[in-house]
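Colleague: Let me begin by handing over the structure; questions about it come next.
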Amino acid sequence: MQIFRIVEDKEISSVLWGGAAANKCTDQGSYCSFTIRSMNAYSVSATVLYEDGTYSTASAVASFEDGR
């Protein structure tokens, strides 16, 4: 299981998850978790919408090797 988390000082209205998380994290708010498989890279992006009407973007890549 891989967990991505958005942490900000400003009040977050919502997070729009994209990339590998697009269909997996629609109702998880500022957290996104889903199962990843070894030997694959998972690119995740997020558009963070703030209560004050502004936004920012973030991205990350997760992967692991299982020792094969």
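Colleague: Beyond 12 Å, what percent of the Cα pairs of the range 2-62 remain?
Modeller: 64 percent
Colleague: Rounding to the nearest 20 debye, state how big the charge dipole of the chain is about its Cα centre with +1 on each Lys and Arg Cβ and -1 on each Asp and Glu Cβ. Display every interim value, and only then the final one.
Modeller: On the way: 5 positive and 8 negative charges, 79 e Å.
Around 380 debye, computed over the chain.
Colleague: Cα centroid distance between the range 8-22 and the range 41-62, in Å?
Modeller: 5 Å
Colleague: For the residues I3, I36, what sequence is obtained by ranking on other C-beta atoms within 10 Å, fewest first?
Modeller: With the sparsest Cβ surroundings first, the list reads I3, I36.
Colleague: Another one. Starting from the Cα of Q2, step 7 Å along the direction of its Cβ; do the same at Y55; then give the gap between the two resulting points in nm.
Modeller: Between Q2 and Y55, the label points sit 2.3 nm apart.
Colleague: PRE reach from K10 (point 7 Å along Cα→Cβ): which of the range 36-68 fall under 17 Å by backbone N?
Modeller: 46-59
Every read-out reported here was derived from the displayed coordinates using simple, explicitly stated rules and does not represent laboratory data. This one's a predicted model, so the numbers in the text were calculated from it and none came from an experiment. Because the Cβ atoms are built from the backbone with ideal geometry, glycine has one as well, and the counts that use them run over all protein chains shown.
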